[in-house]
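Derivation of every value follows stated rules applied to the coordinates shown; laboratory data play no part. These numbers come from a predicted model, not from an experiment. Cβ atoms come from the backbone with ideal geometry, glycine included; neighbour counts cover every protein chain shown.
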């Protein structure tokens, strides 16, 4: 007898026998049900519920813009003018962190007076931010910085305070704007 011919035949026969045995032993899939005598019988039927809970995070700002106070002589002398920014409220079912950054490296400057050019290169760093009215304050950057972080919460507020930096020799008359980005993310 050829041994090479017996080995594939034996392997095929074992696979066929295993498949047949599994088919005979398997119970047909069916809904559960039961019958009980009325009125005294009971008839429990079990089922299960499954659920996958995703990350749920929400960020709300009290305002989507902050009108910064225009500097007077005292603001130029002090080097800055302080303002209250928005309050960010975080709701999250997991640990989170709130980041703040500038959307651009420089402010957008628009001329407002004939013959006077607004400062086209006013850096984003001229807007400093902090989470307390007295600071400390950090220069805004296009690189996000963590303003606040926490664990799961039904509503944690984070107040933001600004200091806008001014220099007599640099900050000329004009209309200035800088997009500030708040980002909520998982750590």
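Test of understanding: extend the Cα→C-beta vector of residue 76 to 7 Å, then name every residue of segment 119-158 with backbone N under 15 Å from that spot. Residues passing the 15 Å test: 119. Each of 112, 138, 64 has some number of other Cβ atoms within 10 Å of its Cβ, and from fewest to most they run 64, 112, 138. Using the Cβ-Cβ distance between residue 47 and residue 186 with R0 = 25 Å, the FRET efficiency computed as 1/(1 + (r/R0)^6) comes to roughly 0.15. The relative contact order of segment 31-117 comes to 27 percent, based on Cα pairs under 8 Å that sit 6 or more residues apart.
In percent, rounded to a whole number, the relative contact order of segment 57-185 is 39, using alpha-carbon pairs under 8 Å and six or more apart.
Length available on full extension from residue 138 to residue 64: 0.36 nm per residue minus the Cα-Cα distance, which gives 24.6 nm. Dividing the Cα radius of gyration of segment 57-185 by 2.2 N^0.38 Å, with N the residue count, gives 1.14.
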